[in-house]
Structures are given as C-alpha cells and as structure tokens.
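A short write-up of the structure that comes next.
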Amino acid sequence: MFRKLKNQKGFSIIEVLLALAMFSIVTVGILYMSIDTMHRDITISTNQEALLYAQEGLEVSRNIADKSFLSLANGDHGLQLDSGEWSFIVAPEAVDSFYDRTINVSDVYSDESGNIDEDSGTFFDPDVKKVIVEIEWLEGGVIPKSVELSSYVTDWKGDDLIRTTCTEWESGTHGSTQSFVIDGPPVDNCEIRLNELAVPSEFFSSANVGKHGNDVVIDGNYAYLAVNSTWNGLSIINISNPSSPSETSDEFVGGKGRYVFKKGDYIYMGVQSWLTGLAIVDVSNPNSADWEAGWFIGHYGNKPTVDDDNNLFIGSDWDWYSMLIYDVTNKSFPILTEIEDFNDDVHVIELYGDYAFVGIDDDSDALHIGDISNLSEVDKITSMDVGEEINSIVRQGTILYVGTEDSDDSLHIIDISNIESPSEITSLDVGGEIEDIAIDGEYLYAALNSTNSGLASVNISNPSAPSLTYNLDIEGKGTGIDTDGDYVYISTNTSNRGLVIIGTTEVSSVTSGDYISDIYNTGSASTRFNYIEWEHTEVPGGDIRFQLRTSSSEEGLESETWVGPDGTNSTYYETSRTPVVTSPGSGTQYVQFKADIDSDGVTSPAIQSVTINYTP
C-alpha cells in the first residue's frame with residue numbers, strides 16, 4: 001500500500017545566499033563604523049596629547065626665561081629635565097618615542113608706537129621673544145601630522161639700573177674721561193668719551209687790506225670785511241685758497257664799516273656815519289658789488305640782522321632810537337616799521353622765532369628779551385643782569401652764549417628754555433673782553449679785545465661745564481669772527497692784517513681712561529643680576545669693556561674685586577647683553593660698574609647708555 005506524501009515548502013540555495021550577503025553587509029558596516037570610531041578616538045586623543053606637549057613647551061620656555069631671560073636664545077631647541085631643572089637641548093626632542101618636539105625662539109620687532117609688528121616692525125625689542133612650539137608625529141606610522149602653539153615671552157621680572165643722562169654720568173667718577181652732551185631723548189642726554197686733547201692749528205694766514213678790520217662774515221669762497229675806512233667801508237676777499245687770500249673789491253658804504261651781516265645776495269652793514277648808519281650792498285657778483293642804499297637811522301649803526309620775512313633789526317648808538325625795525329623787501333628803499341627805546345645803545349640782536357634777544361650798553365641789565373610777533377608793537381618780556389655790557393649773542397637750541405666786556409668773566413651761558421624766566425647756567429673767564437662769538441660744533445671761538453691773545457677757543461660740549469681750550473696770539477686785537485667749519489676768520493685792528501685766518505681747533509684723544517659709576521642700591525640682599533648691556537659707538541682702534549663689583553653693604557664695595565663674566569678679575573664684559581656673574585662670596589645688594597676705554601689717540605669710542613638688569 002502506498003502512502004501519499006504531502007507537498008512541503010523550504011529555502012532554496014539562492015535565498016540562503018542572499019540572506020548571507022545581507023548579513024555580511026550589515027555586519028561589515030557595523031564593524032567599519034566601530035573601527036572608524038575607534039580610529040577617531042585615537043586621533044583625537046593623539047592630537048590632545050600633542051597639544052599638551054606643545055603647551056608644556058611654552059610653559060617650560062617661560063620658566064627658563066623667568067630664571068634667566070638670556071637663556072631664551074634664538075634658534076630651535078628641544079627640552080631636557082635633569083634633577084628637576086629644565087634646559088634646552090638640540091632639536092628635535094623625542095617625546096614618548098612617538099612625538100618630535102621643536103621649540104623655536106626668535107626676536108621681536110615693533111612699530112614706532114611700540115606695538116609688535118611681525119611684518120614690518122623696525123624697532124628691535126630686547127625684552128620680548130616669540131616662542132613657537134611644534135609637535136610632529138606619523139599617524140599610523142605613515143601620515144605626517146603636527147600641531148603648533150605660539151606665544152610672546154617677556155622679561156617681566158627684571159628691574160633696570162640705567163645710566164644715560166648727563167646728571168647720571170656726572171654722579172660717577174671720571175678717569176681721563178668726560179661726559180659730552182648729545183641729542184636726546186632724554187633731554188639731559190650725554191655720552192662718555194675719553195678726554196680730548198685740543199690744540200691750535202698750525203695753519204695761519206692773513207689778508208692785507210690796508211685798513212683795520214672791524215667785523216667779518218663768511219659765505220662760500222668770500223669773506224666780507226667791515227673795514228675802518230671812510231671811503232671804502234666794505235672789503236670783499238677771495239678765500240678760495242685760504243693760504244693766499246686776496247681782496248677782489250671794496251665798496252663805498254657811506255662811512256666806516258662797523259658791523260656786517262649777510263643774507264642771500266645782500267650785505268647789510270652798520271656804518272659809522274650820522275647820515276647813513278645802515279648800508280645795503282648787492283653782492284650777487286662779489287667781484288663787482290653794488291651799493292643799493294645808505295639809510296639814516298639817527299646815529300651810528302651797530303650789528304644788523306634780517307629775518308626770513310625781510311624784516312631788518314638794527315641797533316644804534318642813540319639812546320632814544322636804540323633799536324629800529326625796517327621792511328627791506330625793497331633793498332633800495334627800506335621802510336621803517338618800528339622804533340624801540342631801550343634807554344641805552346643796542347649793540348647786538350639775536351632772533352629766535354617770535355623773540356628778540358637784545359644786548360645793550362648797560363653794565364647792570366644788559367640782556368633784554370622782546371616779543372616780536374607783532375612788529376608794530378614789540379613787547380618787552382624781561383631783562384637780565386650779566387655783569388657788563390653785551391657785545392655778542394649766539395643761540396644754539398635753548399642756550400644763549402653771551403659775550404661781554406667783563407675782562408675777568410666775559411662768557412655767560414644762559415638757559416632760555418623758559419623765555420620769560422631765563423637763568424644763567426655758568427660763566428667763564430676766557431682771557432679778555434669778548435667782541436664777537438662764532439660756534440663750530442663743540443667749540444666756541446671768541447674774538448678778544450686783547451693785544452697778545454686776540455682769540456679764545458672754548459669747549460662747550462657740556463654747556464654746564466665749558467672749558468677754555470687755549471688763547472692764541474693773532475698779532476692784534478680781535479674785533480669780529482666767523483667760521484666755515486674748516487677755518488676761523490678773525491677781523492683785527494691791525495692795518496696790514498685786517499683779516500687773519502687760522503685752522504679750527506685740532507682735536508685728538510687720550511689713549512686710555514675709565515669711568516666708575518655711582519653706587520647703586522638694589523634694595524634687596526638677595527638680588528640676582530641677570531645681564532649687562534650697553535649702547536656705544538665703535539671707532540677703529542678703539543675698545544670698550546666692563547667689569548662689575550657687588551657687596552652686601554655700601555662701605556664694603558670699596559674692598560670688593562672688579563670681575564668679569566667668569567667671576568674673576570681677569571675677564572671683562574666685552575659683548576653687550578652678557579649674563580652677569582658676581583664674585584664668589586660677595587653680597588649683591590649694592591653694585592657698581594666700571595668701563596675701561598681705549599683709543600688709537602685720534603678718536604674715542606663713546607658710551608651712550610649702560611643697563612644692568614636684575615631681579616630683587
């Protein structure tokens with residue numbers, strides 16, 4: 001008997017394969033997402049770790065700078081921790097056998113306002129460094145990866161002992177050195193140089209114009225000489241060859257020439273004549289001068305001066321009309337604009353902006369200052385006693401150099417920084433009464449009313465302490481003076497030598513000297529000195545070097561040893577911004593520095609400033 005089987009359903013092989021394929025796709029996707037998530041986690045963790053190592057690099061760099069800012073040297077560095085102290089080593093530094101760390105240190109430059117400007121800053125900032133920390137690694141051993149952090153590190157902990165002003169330099173001790181005033185800032189700015197050896201030039205020549213010379217002014221190749229002649233009061237001398245000066249022409253000016261002033265193509269003269277106290281001469285062609293005008297001013301004319309607006313100021317030997325102001329736009333017809341009465345003869349007038357400094361024939365109140373901003377009404381501001389009548393005034397900046405008839409104390413130096421309250425800085429005996437003054441650089445030349453020493457040379461590099469360099473016999477009395485920077489021209493009262501020409505002062509330097517600073521109290525017995533730096537001017541054959549000494553007491557400094565960068569007396573700080581090492585066993589609250597300066601005997605090196613950085 002046969003049993004009938006029922007029809008049963010099942011999975012075909014194709015359905016099984018499809019199911020397996022779908023399962024595989026889902027499973028692979030889930031696995032990939034898991035692996036990718038794990039990879040991302042690893043990458044994020046690696047980046048975070050790298051950033052931590054970069055941050056550590058910045059913090060350690062700051063720590064190194066805090067201990068010694070000079071240790072933050074430019075270049076690439078790695079880090080090393082030894083006995084609890086971090087220090088720089090050769091870069092790159094291997095970290096955890098996986099990362100490479102490089103710390104780059106570089107200088108920082110600022111703009112004129114002091115703001116850091118990495119692109120175009122031109123002012124080096126010695127107290128700031130830029131630190132860049134870069135961490136590099138290979139992801140999966142193949143792909144290069146890196147992170148970078150940067151920051152500015154500042155020398156914020158140190159205080160500075162600075163010496164740069166005249167007052168600061170003068171508080172120390174000079175050994176064959178001296179302080180010389182230089183342009184600021186600061187206002188009271190000086191530099192230290194070796195003492196100068198100043199001697200008269202051996203060059204000497206003269207021009208015989210047959211008459212006494214009363215005053216002189218130099219312009220280019222010509223000297224214009226006011227001479228003591230009624231008919232030819234102006235002599236023009238060719239000085240293109242100073243060894244052999246020659247008169248090219250002379251000119252009638254209405255009387256004897258007393259004083260001379262040149263502006264542009266014209267000579268303005270004070271003349272010894274009641275009728276023509278003022279003369280104007282066209283000297284556009286010095287070989288053929290042309291008298292433009294002779295003008296009545298009431299009496300003899302004294303030293304004239306002309307401003308840039310064609311206003312002429314001239315003093316006269318008449319008490320009532322002692323200073324006259326003319327508009328000389330038309331040289332042939334001066335127009336009187338103002339008369340001022342100073343109750344005495346006005347000898348000389350020096351202009352400075354809206355002010356006139358007037359020297360008069362008064363033994364007790366000879367310097368007057370007037371406001372000339374309104375020429376139709378000059379206001380007298382103040383006056384000053386310089387002990388004698390004034391013959392010459394020359395201004396440099398806010399300093400007046402005033403020559404008087406006081407034979408014992410004839411040069412007066414006046415501070416006019418406060419116009420309404422001028423003050424005398426000092427005075428100096430230069431060997432006789434001063435008739436006229438000319439200045440060239442650090443030297444003032446004075447024509448003296450002295451037969452045996454008609455010229456004085458004065459060093460005015462420090463106006464507070466001028467010094468007489470020498471007196472020179474010019475074979476006659478000096479009456480007027482001018483200089484062109486190479487030569488000094490003196491008019492004299494000698495008929496056969498109306499003009500004398502000598503070379504300017506010849507300056508050399510002593511070969512060695514030193515400067516010892518004042519004692520400085522840091523205020524702390526545990527002071528750490530960081531570095532010494534200085535600004536200086538180098539010269540061929542010259543040398544500057546420093547040593548320091550420190551002590552726990554001011555009294556103890558004297559017995560301490562001067563030492564250099566190895567802490568001994570045998571070495572010197574010869575490179576600016578060198579770390580300071582003190583003498584073993586010495587205290588550190590008080591400090592002095594010593595500068596040794598050498599020269600080739602011609603020109604001295606110069607020190608503009610010294611800074612000692614310290615941490616109290």
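So what does the Cα-only Debye profile of region 556-616 read at q = 0.21, 0.24, 0.28, 0.29 Å⁻¹, as log10 I(q)/I(0), no solvent term?
-0.98, -1.20, -1.45, -1.50
Which one of HIS299, GLN272, GLY370 has its Cα pushed farthest toward the positive end of the charge dipole of region 261-375, where Lys and Arg give +1 and Asp and Glu give -1 at the Cβ?
Checked the options; the winner is GLN272.
At 222 nm, what value in deg cm²/dmol follows for the chain if DSSP H runs of at least 4 each add -39500 (n - 2.57) and the sum is divided by all its residues, to the nearest 500?
-3500 deg cm²/dmol
In what order, largest first, do LEU472, LEU336, LEU225 sit by accessible area if the probe radius is 1.4 Å?
Output order, biggest surface exposure first: LEU336, LEU472, LEU225.
For region 374-436, what is the Kirkwood estimate of the hydrodynamic radius, computed as the reciprocal of the mean inverse distance between distinct Cα atoms, to one decimal in Å?
The answer is 12.4 Å.
With every protein chain kept in place and ligands, DNA and RNA left out, what is the accessible area per residue of the chain? Probe 1.4 Å, answer in Å².
48 Å²
Determine how large the accessible area of VAL610 is when every protein chain is in place; take a 1.4 Å probe and give Å² rounded to the nearest 10.
Roughly 0 Å² of VAL610 is accessible to a 1.4 Å probe.
What does the net charge come to around ILE416 if you take all other residues with beta carbon closer than 11 Å to its beta carbon, with K and R at +1 and D and E at -1?
My count for the surroundings of ILE416 gives -3.
What do you get for Rg/Rh of region 348-464 when both radii come from the Cα atoms and Rh is the Kirkwood radius?
Across region 348-464, the Cα-based Rg/Rh ratio is 0.97.
Name the residues whose placed amide hydrogens come within less than 5 Å of the amide hydrogen of TYR352, ignoring near sequence neighbours (fewer than 5 apart) on the same chain.
Hits under the 5 Å cutoff: PHE357.
Hey, what do the phi angles of region 485-493 turn into as Karplus ³J(HN,Hα) couplings, whole Hz, using 6.51/-1.76/1.60 and θ = phi - 60°, x for Gly and Pro?
With coefficients 6.51, -1.76 and 1.60, one gets x, 9, 9, 10, 10, 10, 7, 10, 8 Hz.
Carbon-plus-sulfur fraction of the accessible area of region 352-414, 1.4 Å probe, in percent?
33 percent
How big is the accessible area of ILE413 in square angstrom, nearest 10, if you roll a 1.4 angstrom probe over the protein chains?
Surface open to solvent at ILE413 totals about 0 Å².
What list of ³J(HN,Hα) values in whole Hz, one per residue of region 387-398 in order, does the Karplus curve 6.51 cos²θ - 1.76 cosθ + 1.60 (θ = phi - 60°) give from phi, with Gly and Pro shown as x?
Using θ = phi - 60°, the values come out as x, 7, 5, 9, 10, 8, 9, 10, 9, 10, x, 9 Hz.
Once the convex hull of the alpha carbons of region 359-403 is built, what does its volume come to per residue, in cubic angstrom?
Hull volume over Cα atoms, normalised by residue count, gives 86 Å³.
Apply the Karplus parameterisation 6.51 cos²θ - 1.76 cosθ + 1.60, with θ equal to phi minus 60°, to every residue of region 257-262 and state each ³J(HN,Hα) to the nearest whole Hz, in sequence, with x for glycine and proline.
x, 9, 9, 9, 9, 10
Going down the table (LYS211/LYS477; LYS331/LYS380; LYS256/LYS303; LYS211/LYS263; LYS211/LYS256; LYS211/LYS262), which pairs top 18 Å between alpha carbons?
Going by Cα-Cα distance, LYS331/LYS380; LYS211/LYS263; LYS211/LYS262 fall outside the 18 Å limit.
To test your reading of the geometry: what angle, between 0 and 90 degrees and rounded to tens, separates the Cα axis of helix 13-67 from the longest principal axis of the chain?
Taking Cα atoms only, the helix is inclined about 30 degrees.
Just to be sure I understand, if you calculate Rg and Dmax of the Cα atoms in Å for this structure, which of (1) 26.6, 99; (2) 40.6, 178; (3) 27.1, 86 do you get?
(2)
Pull up all non-local amide H partners of LYS211: gap of 5 or more, or a different chain, and H-to-H distance under 5 Å with H placed in the peptide plane.
The answer is GLY498.
Heavy atoms of the protein only, probe of 1.4 Å, neighbouring chains included. What is the accessible area of GLU506 in Å², nearest 10?
Solvent-accessible area, nearest 10 Å²: 90 Å².
Taking Cα pairs under 8 Å and at least six residues apart, what relative contact order does the chain come out at, in percent?
11 percent
So if the hydrodynamic radius of region 330-412 is defined as the Kirkwood radius over C-alpha pairs, what does Stokes-Einstein give as its diffusion coefficient at 37 °C and 0.692 mPa s, in µm² per second?
The estimated diffusion coefficient comes to 243 µm²/s.
Please list the non-local residues whose amide H lies under 5 Å from the amide H of HIS536, H modeled 1.01 Å from N, same-chain partners needing a gap of 5 or more.
For HIS536, the qualifying residues are GLN608.
The values are calculated or read from the model by the stated rules, or taken from the named source; none is laboratory data. If you're wondering where the values come from, they're calculated on a predicted model, not measured in any experiment. Here the Cβ is made from the backbone with ideal geometry for all residues, glycine too, and neighbour counts use every protein chain on show. Surface areas here come from the heavy atoms of the whole protein model, side chains and all, with no ligands, DNA or RNA. Shrake-Rupley method; radii C 1.70, N 1.55, O 1.52, S 1.80 Å.
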